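**Q** Got a structure here, written out as structure tokens. Questions coming.
What follows draws every value from the coordinates through simple rules; no lab data is involved. Not measured: the values here are computed from a predicted model. Virtual Cβ from ideal backbone geometry, glycine too; neighbours counted across all protein chains shown.
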Amino acid sequence: MGEATIQQANWRLVEVGRVVLIQSEGPSKGRLAAVVEIIDHKRVLVEGTAEGAEVPRQPVRLSDVLLSNMVVADLPRGARHAALKKFWAKSEIDAKWKETSWFKRRQQNERRQALTDFDRFKVMRLKKQRRFEERRVLAKIRTAAKA
């Protein structure tokens, strides 16, 4: 018989300590929380202690959250608020979240949505200037290559 190698699945599992982004409508929309208990195959109990955006302990449907690849390490099942806060800080979830491209993209979208009409006009003018400069430099390179 040949040897069999066992590899862990590369999808995100629902587990205690998994950091989720809440997508359901309500006051917690767009905030980070950690799974503290699994209620059943469709619902979990979450609570969030992210700086400036706390999420109260509440049950949510798994269809209303997005699983991230971050996990609060060694979080016990049913952990209370103080324990969650300690493990959250120990795992440096806030710093890790701010380094993700997911967070950066959300910030960029929020900035774009907050633009006024005049701000959008200024962005358009800056893009035109950048394109003009790029084409000018490219034309110089082409003429130098031909000579």
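**Q** Looking only at residues that are among the β-branched types (Val, Ile, Thr) and more than 11 Å from VAL36 (Cβ to Cβ) in region 61-100, which one is surrounded by the fewest Cβ atoms within 10 Å (Cβ to Cβ)? Before you say what the answer is, go through the steps one by one.
**A** Narrowing region 61-100 to residues among the β-branched types (Val, Ile, Thr): 65, 71-72, 93, 100.
Applying the additional criterion that residues be more than 11 Å from VAL36 (Cβ to Cβ) yields 65, 71, 93, 100.
Numbers: VAL65: 20, VAL71: 19, ILE93: 24, THR100: 13.
Restricting to residues being among the β-branched types (Val, Ile, Thr) and more than 11 Å from VAL36 (Cβ to Cβ), the top hit is THR100.
**Q** Among what's in region 87-138 and is in a loop (DSSP other than H, G, I, E, B) and of a type in the set (Val, Ile, Thr), pick the residue that is farthest from VAL19 (Cα to Cα).
**A** Only one residue tops the list, namely THR116.
**Q** Is it the case that ALA147 is farther than 30 Å from GLU15 by Cβ, under 26 Å from the mean Cα position of the chain (by Cα) and of a type outside the set (Val, Ile, Thr)?
**A** Numbers: farther than 30 Å from GLU15 by Cβ: yes; under 26 Å from the mean Cα position of the chain (by Cα): no; of a type outside the set (Val, Ile, Thr): yes.
For ALA147, the condition - farther than 30 Å from GLU15 by Cβ, under 26 Å from the mean Cα position of the chain (by Cα) and of a type outside the set (Val, Ile, Thr) - is not met.
**Q** Still on this structure, please answer the following. What are the residues in region 3-25 that are out of contact with any Leu (no Cβ under 7 Å at 6 or more places or on another chain) and surrounded by 10 or more Cβ atoms within 10 Å (Cβ to Cβ), if any?
**A** Hits for region 3-25 are GLU15, ILE22, SER24.
**Q** Further question: Conditions first: (1) closer than 26 Å to LYS104 by Cβ; (2) of a type outside the set (Gly, Ala, Ser); (3) free of Cβ contacts under 8 Å to residues at least 40 places away in the same chain. THR5 passes all but one, so which condition is the exception?
**A** (1)
**Q** Can I ask one more? Applying the selection to region 30-52, what residues are within 19 Å of ALA95 (Cβ to Cβ) and surrounded by 14 or more Cβ atoms within 10 Å (Cβ to Cβ)?
**A** Listed by number, the residues that qualify are ARG31, LEU32, ALA33, ALA34, GLY48, THR49, ALA50.
**Q** Could I ask something else about it? In this structure, does ARG106 turn out to be surrounded by 10 or more Cβ atoms within 10 Å (Cβ to Cβ) and either over 21 Å from SER28 (Cα atoms) or without any contact (Cβ under 8 Å) to a residue 40 or more places away in the chain (or both)?
**A** No; evaluated as a whole, the condition is false for this residue.
**Q** Regarding LEU67, is this residue within 20 Å of PRO27 (Cα to Cα) and without any contact (Cβ under 8 Å) to a residue 60 or more places away in the chain?
**A** On the way: within 20 Å of PRO27 (Cα to Cα): yes; without any contact (Cβ under 8 Å) to a residue 60 or more places away in the chain: yes.
So LEU67 fits the description; yes.
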